[in-house]
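Here is the structure we will look at.
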Amino acid sequence: MNFTLLITVLVTAITLVVAAYVMAKLLGPRSYAKVKGEPYESGIPTRGSSWLPVSVGFYLFAILFLMFDVETVFLYPWAVVVKEFGAMALLSIGFFLVVLVLGLAYAWRKGDLEWK
Amino acid sequence: MFDFSIFTTWFDALLRDTLGLGDFWSILIECVLVGAGILAGYALIAMLMIMMERWVCAYFQCRLGPTRVGFHGTLQIFADVLKMLVKEIFFVDRADKLLYAVAPLLVIIASVGTFSFLPWNNGAHVLDFNVGIFLVTAISSIGVVGIFLAGWGSNNKYSVVSAMRAAVQMISYEMSLCLCLITAVILTGTMQMSGIVEAQTGAFKWLIFQGHIPAIIAFVVFLIAGNAEANRGPFDMAEAESELTAGHHTEYSGMGFGFFYLAEFLNLFIIAGLASAVFLGGWAPINIGVDAFDTVMNYIPGIVWFFGKTLLVVWLLMWVKWTFPRLRIDQILKLEWKYLMPLGLINLVLMTIVVALGLYIK
């Protein structure tokens, strides 16, 4: 039943978007002009494509995110059983957390956390 | 407490036994009703949020806000929706048409998906997986993809810059969000949404009371990270009006823009709803162990508690938005990676120690 509901939610979201688009197509006016198809860049004529290489800083943070997010995924199943395991839980995750913190400290020391 | 599942089981029995419908038809009818309910709730709450934002913003800036359309401007939002619906949807010539059209869909899927996890009352929830909290974070991260594709697909220089900023900000703050939720899971011992709320019923059992110091730290960090995750001020770098016009949705008109607008306000409600469900007890009434007081509190329906707490948190977030100036991108990333992340990790260990030694309110 749970997965049926998940699909229901997905279908609901898609229905909402498609229905609104169809309604707008039916109700809205339609016209075309060459200027209308230009991207809005504060009235300055567009030069070249916008798909340019962007600052490498964004990618650095994306890579950092990838590493740390995967590690937080491992923490979820552990968090559920902490109450049963008590102090053992802290010991068993200790090494993992130390590596995690060391990773953050290393990135910090290397200056990866600075915005460049 | 009143259990809403009495109603759902009664309805199920009505379809199957009284009307004698088969498995397929009863499930289909139920699913359609659930879908309609989600849509109605989603639209109504979005309108409520937009109106509340206008009035709260006007209040903080010492002005009146909308007053003309309807009684005290109550019909303003309906006028706005009508305007959006009848506007033309057009594409930029050089845009990547597929990505451009798919982006609002992804944003709405993420928003409706997380919205369905909120526990409205005892037994009244749409989705209730045993990995609930984990799935919420998983579904909410689809929104990042939607916003990024919107900016990238528009082929507008402002939008591309905004897309990069939004993506880096949202993925960064997702870390803190996850860490805070894990802290809460440690104390409740379950990831299921209904289980988390149930663990908070009883005298001083709300998580911020039950888990005292680490839970309060987690709650505050969750609110900050959630505010950033919803792309709202002071973290609205991605759609900084004064420099990027409207950011990733510059090129969207009519309902295309409407979906980003809807999702933005709903995400505010969802963040507040999650905060109140996980840390403030959701539908659980406040109990202090005195019989007379507890009985009176238990008479107030769970949905009133849930809405009360959620709107309180929403109001708090709006207060923050209209008080603080916008942060720069380097400040945003510094706040996350150098302050909230280490704080979240320390807090995680602190909570583990508290739980291991049994220092929480049992």
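In table form, for the structure just shown:
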| quantity | calculated |
| --- | --- |
| Helix-only [θ]222 nm of chain A, DSSP H runs n ≥ 4, -39500 (n - 2.57) each, per residue, nearest 500 | -23000 deg cm²/dmol |
| Proximal aspartates and glutamates to A:K34, defined as alpha-carbon separation beneath 19 angstrom and excluding residues fewer than eight positions away on the same chain | B:E88, B:D93, B:D96, B:E251 |
| Shielding by partners - mean other protein chain Cβ count within 10 Å, residues of A:86-94 | 3 |
| Accessible area of chain B divided out per residue, in Å², using a probe of 1.4 angstrom | 39 Å² |
| Rg to Rh quotient for the protein assembly as shown, alpha carbon positions, Kirkwood Rh | 0.98 |
| Residues of the stretch A:53-115: accessible area per residue with a 1.4 Å probe, Å² | 59 Å² |
| Accessible area buried, both sides summed, chains B and A with 1.4 Å probe, Å² | 6700 Å² |
| Heavy atoms of B:H125: accessible area, 1.4 Å probe, square angstrom to 10 | 60 Å² |
| Extension gain from B:A36 to B:V69, taking 0.36 nm per residue of separation minus the Cα-Cα distance | 9.1 nm |
| B:G282 long-range amide H proximity, modeled H, under 5 Å | B:A277 |
| For peptides A:38-47, B:26-35, sequence by mean Cβ density within 10 Å, most packed first | B:26-35, A:38-47 |
| Computed label-point distance, nm, for sites B:M297 and A:M88 using a 7 Å Cα→Cβ extension | 3.6 nm |
| Shielding by partners, peptide A:19-31 (average Cβ within 10 angstrom, other chains) | 5 |
| Where B:K321, A:K34 fall by accessible area, highest first, once all protein chains stay in place (1.4 Å) | A:K34, B:K321 |
| For the stretch B:256-263, Karplus couplings with θ = phi - 60° (6.51, -1.76, 1.60), whole Hz, Gly/Pro x | x, 5, x, 5, 5, 5, 4, 4 |
| Cβ-Cβ FRET estimate between A:F96 and B:L312, R0 fixed at 30 Å, reported to 0.05 | 0.25 |
| Ordering of B:166-178, B:135-147 by burial proxy (mean other Cβ atoms within 10 Å per residue, highest first) | B:166-178, B:135-147 |
| Residue-wise HN-Hα coupling along the stretch A:42-53, computed from phi with Karplus coefficients 6.51, -1.76, 1.60 (Hz; x: Gly, Pro) | 6, x, 8, x, 5, 10, x, 7, 8, 7, 9, x |
| Relative contact order computed over chain B (Cα-Cα under 8 Å; 6+ residues apart), in percent | 22 percent |
| For chain B, calculated [θ]222 nm from helices alone, where every DSSP H run of n ≥ 4 adds -39500 (n - 2.57) | -21500 deg cm²/dmol |
| Candidate residues B:L348, B:L343: accessible-area rank, largest first, probe 1.4 Å | B:L343, B:L348 |
| Length released on extending from A:T15 to A:A62, taking residue separation times 0.36 nm less the Cα-Cα span | 13.7 nm |
| Accessible surface of chain B [probe 1.4 Å, protein heavy atoms]: carbon and sulfur percent | 73 percent |
| Neighbouring partner chain Cβ atoms per residue of B:101-109, average, 10 Å criterion | 3 |
| From phi via Karplus (6.51, -1.76, 1.60), per-residue ³J(HN,Hα) for the stretch B:26-41 in Hz, x at Gly/Pro | 5, 5, 4, 4, 4, 5, 5, 5, 4, x, 4, x, 4, 4, 4, x |
| Shape of the stretch B:166-321, Cα gyration tensor, a/c cut at 1.5 | prolate |
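The values are calculated or read from the model by the stated rules, or taken from the named source; none is laboratory data. Owing to the predicted nature of the structure, the values given are computational and were not obtained by experimental measurement. When we count neighbours, we look across all protein chains shown, and the Cβ atoms used for this are built from the backbone with ideal geometry, even at glycine. Each accessible area value is taken on the protein alone, full model and side chains, heavy atoms only, with ligands, DNA and RNA left out. Shrake-Rupley method; radii C 1.70, N 1.55, O 1.52, S 1.80 Å.
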